[in-house]
Amino acid sequence: MSGKKVSGKTHTKEQLDSWATQNNPNNKAYRSNANNHANQLNPNRKTHQQIHNSNRRHKDQIWPEWAPDYPEYDD
């Protein structure tokens with residue numbers, strides 16, 4: 001848990017509940033946020049752009065096996 005505290009004198013009940021939810025290690029959102037943070041710090045992790053470019057570069061060109069001829073448009 002975080003070492004920070006939130007005062008009930010300066011925050012509403014809704015703000016206090018929101019803070020408690022976000023900083024509770026038993027909360028699903030807290031765990032997923034911590035997991036996501038750990039993934040972002042992983043030096044072996046590729047960014048979305050790196051993955052996208054990799055997929056684009058190594059994708060085989062798809063050419064149609066047959067295309068219609070239009071003799072009236074040939075020069």
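The values are calculated or read from the model by the stated rules, or taken from the named source; none is laboratory data. Since this is a predicted model, take the numbers as computed values, not measurements. Every residue, glycine as well, gets a Cβ built from its backbone with ideal geometry; the counts of neighbours run over all protein chains shown. Side chains included, ligands, DNA and RNA excluded: accessible areas come from the protein's heavy atoms. Shrake-Rupley method; radii C 1.70, N 1.55, O 1.52, S 1.80 Å.
Below, the figures for the structure above:
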{"read-out": "T10, T21, ranked by accessible area, largest first (probe 1.4 Å)", "value": "T10, T21"}
{"read-out": "Whole-percent carbon and sulfur share, accessible surface of the range 1-53, 1.4 Å", "value": "50"}
{"read-out": "Exposure ranking of H48, H11 by accessible area [1.4 Å probe, largest first]", "value": "H48, H11"}
{"read-out": "J(HN,Hα) series, the range 17-23, from Karplus relation 6.51 cos²θ - 1.76 cosθ + 1.60, nearest Hz, glycine and proline x", "value": "5, 4, 4, 5, 5, 5, 10"}
{"read-out": "Using distinct alpha-carbon pairs, which all enter the 1/r mean, Kirkwood radius of the range 1-55 in Å", "value": "13.8"}
{"read-out": "R57-Y70 pseudo-label distance in nm [points 7 Å out on the Cα-to-Cβ vector]", "value": "3.7"}
